[in-house]
Amino acid sequence: MFRSLRRALCAAAAALLLILAGVGAQTVHADPAAPEDGAARAAAPGAGYWHTSGRQMLDAAGQPVRIAGINWFGFETANYTPHGLWARDYKSMIDQMKSLGYNTIRLPYSDDLFKSGTVPNSIDFSGGKNADLQGLGSLQIMDRIVAYAGQGGLKVVLDRHRPDAAGQSALWYTSAVPESTWIANLKALATRYKGNSTVIGIDLHNEPHDPACWGCGDTTRDWRLAAQRAGNAVLSVNPDLLIFVEGVQTFNGVSGWWGGNLMGVAQYPVQLDVPNRVVYSAHDYATSVAQQSWFSDPSFPANMPGIWDKYWGYIFKQNIAPVWVGEFGTTLQSTIDQKWLAALVSYLRPTGTYGADSISWTFWSWNPNSGDTGGILKDDWTTVDTVKDGYLASVKAPGFPSGGGDPGDPGDPGGGTAACTAAYTVSSDWGGGFNAEVKVTNSGTVALKSWKTTWTWPGAQKVTSMWNASYTQSGSTVTAANADHNGTLAVGGSASFGFGGAPGGGGAPTVSCTAT
């Protein structure tokens, strides 16, 4: 089927290289981005573990939060580690995700990670890349990724994507990986990251589909019952985690995307021993993945909100639980797909209008080697597809406090020092041109509201394109200032921007940084 095709293409590429209109009645929390009156201001949203209240996810302080993230796959494949490490350092990759305004990483994995013979492969250690991953097993690499993501203020959702690297399974178990193994490994991960609030939850199983059912009562096929068993097992060892539960393919004879049909929740909700932990997850795709009847409806794309309402949007509208679109993506090659993505982003509700009272999401994917969607990165694993990324701009959301600390309020008069440093790195140079990245770090004692960097090339280099910053160039001197989404930096926090230039051969000049 179409979904297995996408996974197969992803695996093949690896082998070659080794997000609503209409609001249900409810109490709406204040937009966390809105300015507050008086001297007292709340801490930045997102700290600590999260829980649910109606259709919203709330942080440890009860402030609403929104997942606005990206899928970074690879742990679930025979590489047993996130893809792209054959081309770049993992820290550089995570810095770039953050600089683009993504606040969460969904990490797919398979149960192969728990086998003693599993060895991660296709990691480039040359030139100091990925140096601290050398000699580590897959779970240890996951530890490093979680640690660095948390340090940068990103959250992580772990996604049990497959029972093994060979491919997706319709049910949560196979003959080789029984339910007992699935649950044991879920508990092992929950225990491994207990006390580490970077990992906010676990997506129990990716894309259950026929013959999986919802509410049929057959324990061998009823995904809702299995999710309850597994969710309770996870919460028995780590009661702070969110439990993300995907849909199925067919309910009462109505079929949709694999994992995208949550119609059964209305009659058969997931009920766990620990309250306020369930987040329902839908997947939704465009024609580059497969054709669906709604794409050829004469009213398309005006028909799409009604489709989404039916399958999963009603859960949010009726204030039943939070909804997270864990996967959605497209190559954007067709006009239909472009209209679909614009409609879906609007349905997810712009952050600037609704704040965190919105549907959460993680886009598929960061990776360029997803065969039927492509990624935010282009094939060089460095250049950003600015058109695709641009579609998501209105539903991106602020990042979270890093390392469990409170980044404070940039406007709080504390008498501290605002300062920053900048590091310039050339990622590729082919003579006729080059790509480079500048990482800005808050080296002062107060949070920053904005920053700008300046450097002078020794030759005739010119910026040809820049992402995650705006720039001016006068002669050989370039001044680059933060974008709207990455100007605020906690003490010790960092943001990166990248650019292309020509000609090559300019080396790495010294960069000065000015902070406010």
The chain: antiparallel bridges as % of DSSP beta bridges, rounded to 5, reads 60 percent
Gyration tensor over alpha-carbon atoms, the chain, equivalent ellipsoid semi-axes in Å: 36, 26, 23
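Using a 1.4 Å probe, what is the accessible area per residue for the chain, in Å²?
For the chain, the solvent-accessible area averages 36 Å² per residue.
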Tell me the accessible surface of Thr386 in square angstrom (1.4 angstrom probe, heavy atoms of protein chains only), to the nearest ten. 80 Å²
Please compute the length gained on full extension between Ser299 and Lys115, using 0.36 nm multiplied by the number of residues separating them and subtracting their Cα-Cα distance. 61.2 nm
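Distance check, please: which entries in Lys129/Lys462; Lys91/Lys310; Lys91/Lys339; Lys115/Lys310; Lys310/Lys396 exceed 29 angstrom between their Cα atoms?
Lys91/Lys310; Lys91/Lys339; Lys115/Lys310
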Counting only protein heavy atoms with a 1.4 Å probe and every protein chain in place, the carbon and sulfur fraction of the accessible surface of the chain in whole percent equals 53 percent
Between the alpha carbon centres of segment 448-516 and segment 349-398 the gap in Å comes to 23 Å
Under a Cβ-Cβ cut-off of 11 Å, what is the net charge of the residues other than Val248 that fall near it, where Lys and Arg count +1 and Asp and Glu count -1? -2
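Based only on Cα atoms, what mean projected area does the convex hull of segment 271-409 have, in nm²?
The number I arrive at for segment 271-409 is 11.1 nm².
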Quotient of Cα radius of gyration and Kirkwood radius for segment 78-196, i.e. Rg/Rh, equals 0.97
Per the rule of 0.36 nm per residue minus the C-alpha distance, extending Val387 to Ser175 adds in nm 72.0 nm
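The values are calculated or read from the model by the stated rules, or taken from the named source; none is laboratory data. Predicted model, so just to flag it, every value in this text is computed and none were measured. Methodologically, a virtual Cβ is constructed for each residue, glycine included, from the backbone with ideal geometry; neighbour enumeration extends over all protein chains shown. Areas reflect the complete protein model, heavy atoms only, side chains present, ligands, DNA and RNA absent. Shrake-Rupley method; radii C 1.70, N 1.55, O 1.52, S 1.80 Å.
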